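Okay, so here's the structure we're looking at.
The values are calculated or read from the model by the stated rules, or taken from the named source; none is laboratory data. Nothing here was measured: the structure is a model prediction, and the numbers come from that model. Every residue, glycine as well, gets a Cβ built from its backbone with ideal geometry; the counts of neighbours run over all protein chains shown. The accessibility values were calculated without ligands, DNA or RNA, using every heavy atom of the protein model including side chains. Shrake-Rupley method; radii C 1.70, N 1.55, O 1.52, S 1.80 Å.
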Amino acid sequence: MSSLFTPVQMGRVVLENRLVMAPMTRSRADDDGVPSDLVATYYTQRAGAGLIISEGVYPEATGKGYVRTPGIETDEQVSAWKQVTDAVHAQGGRIFMQLMHSGRISHPSLQPRGALPLAPSAIKPAGQTWTSNGLQDFVTPHALSVVEIAAVVEGYRQAARRAIEAGFDGVEVHGASGYLPEQFLSSGSNQRSDEYGGSVENRARFLLEVLAAVATEIGSDRVGLKISPEMNFNDIIDADPQATYTYLVEHLHSLDLAYLHVALFGAKTDYHALLRPLFDGRYLIGGGLDQAAAQALIENAQADAVVFGSAFLANPDLPERLRLGAELNAPDKDTFYTPGAKGYIDYPTLSQA
């Protein structure tokens, strides 16, 4: 049997295989951040994954960055997610919720009462975001005060508690893609002069405080972290990313997290070689993998599990297809973020094909 299809302990849960479904925004929630009925079908179709990591879910309303993305702040959102987790568990699946605070990667039309998006510093990012009125330019965000930072950390803690109430097996804190934690972490977006800015120790403080708060609330063995060094998405720049991420990962040791998820997209540095020896927990690798590369990573002990994105999106039964060496469906990029069932729950399984 291929090592891709062997069980592995991941914090509090045992995964039946080492194939992880990546967190992917699909924009199928309503305007109140409540997942539609289609969401349960979508994730249940993919319950054969060793672990599903949900799309990015905003921990509080200020974290919303795109139209039709889901939240975990209200009772209605929790109830809708409970239907998802119940359905996934009924099929024997495991599912973590990714907590994603977009920070400055948002727009006033997506914020409570039309407020400015939040950020470590009042620096306008280049680019646009999707709103109900189409693409809108990013704006100069509001720089969080120390008191407001504490409130955001508390929002993460409460969101983790609600995720467990909604039946999730754990949560993944999104520390990549230019969203709020990476905005604090990176020197280009964080130009503060207080205890949350300047040195790498200070810039990493926010993310480490978020992880500690979430771990204290639900147990560190139900918490993962995603990072993507030098992805440079959403206008993120760091002067010395190798030093930044070395410091961050070295300081995860005391948290005893369930896993570290590292996805690389075009980085010139081999961050897996740099960071893997620094992290003594389960190490997940993602970013443009095919079956051969994924299997080699497991067999060479470079990763404990491997993360697939669009392949899972287009192939609900991806583990079975890989086990049999079957042809894969191609993803339809035109329907990645469109509302409705097309391109969401209508990809055929092998048996349907």
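In the context of the full set of protein chains, the range 1-75 has a per residue accessible area of 31 Å² (1.4 Å probe).
Given the chain, what whole percent of its Cα pairs are spread farther than 39 Å? It would help to have the intermediate numbers written out before the result.
On the way: 5042 of 62128 pairs.
Pairs farther apart than 39 Å: 8 percent.
Contact order for the range 1-147, expressed relative to its length and based on alpha carbon pairs under 8 Å spaced 6+ residues apart, stands at 20 percent. All C-alpha to C-alpha distances of the range 21-154, sorted into 10 Å bins beginning at zero, yield P(r) values of 13, 40, 30, 15, 2 percent in whole numbers.
Neighbours of Gly170 by Cβ distance under 14 Å: Lys/Arg scored +1, Asp/Glu scored -1, total +1. Estimated from helical segments only, the mean residue ellipticity of the chain at 222 nm is -8500 deg cm²/dmol, where each DSSP H run of four or more residues counts as -39500 (n - 2.57). Summing charges over neighbours of Gly340, with a neighbour being any other residue whose Cβ is under 14 Å away from its Cβ, gives -1 when K and R count +1 and D and E count -1.
Rounded to a whole number, what % of the accessible area of the chain do carbon and sulfur atoms account for, probe 1.4 Å? If you can, show how the numbers build up before the last one.
Working: 6750 of 13560 Å².
Using a 1.4 Å probe with all protein chains present, the chain comes out at 50 percent carbon and sulfur.
Here the 3J(HN,Hα) profile of the range 27-36, calculated from phi with Karplus coefficients 6.51, -1.76 and 1.60 at θ = phi - 60°, is 6, 10, 8, 8, 5, 9, x, 9, x, 6 Hz, Gly and Pro shown as x.
How much net charge surrounds Leu15 when only other residues with a Cβ under 13 Å from its Cβ are counted (Lys, Arg +1; Asp, Glu -1)? All intermediate terms of the calculation are to be shown ahead of the outcome.
Details: positive: Arg12, Arg18, Arg94, Arg282; negative: Glu16, Asp169, Asp304.
That works out to +1.
On the principal axes of its alpha-carbon atoms, the range 192-343 has extents of 53, 37, 36 Å, going from largest to smallest. Relative contact order of the chain: 17 percent, from C-alpha pairs under 8 Å at least 6 residues apart in sequence.
Annotation: amide H of Val57 within the under-5 Å range of Gln98, Leu99, Met100, sequence separation 5 or more or interchain, hydrogens built in the peptide plane. Within the range 242-300, the ratio Rg/Rh, alpha carbon atoms throughout and Rh by Kirkwood, equals 0.97.
Candidates Ile298, Val223, Pro339 compared by Cα position along the dipole of the chain: farthest toward the positive end lies Pro339, with charges placed on Cβ.
Amide H to amide H distances under 5 Å link Asp332 with no residue, where only residues 5 or more positions off or on other chains count and H is placed in the peptide plane. On alpha carbon coordinates alone, what is the Rg over Rh value for the range 285-353, Rh being the Kirkwood radius? Result for the range 285-353 is an Rg/Rh of 1.02.
As a rough guide to protection, the peptides 10-23, 294-307 ranked by mean Cβ packing within 10 Å, highest first, stand as 10-23, 294-307.
Magnitude of the charge dipole for the range 3-335, about its Cα centre and with charges confined to Cβ atoms of Lys, Arg (+1) and Asp, Glu (-1), is about 160 debye. Partner lysines whose Cα lies under 19 Å from the Cα of Lys342, excluding those fewer than 8 positions away in the same chain, are identified as Lys333. In this structure the amide hydrogen of Asp30, modeled in the peptide plane, comes within under 5 Å of the amide hydrogens of Ser36, none closer than 5 places in sequence on its chain. Take every DSSP beta bridge with both residues inside the chain and express the antiparallel ones as a percent of the total, to the nearest 5. Antiparallel: roughly 20 percent of the beta bridges in the chain. Along the range 140-149 the Karplus relation, 6.51 cos²θ - 1.76 cosθ + 1.60 evaluated at θ = phi - 60°, assigns HN-Hα couplings of 6, x, 8, 7, 5, 7, 4, 5, 5, 4 Hz to successive residues, with x for each Gly and Pro.
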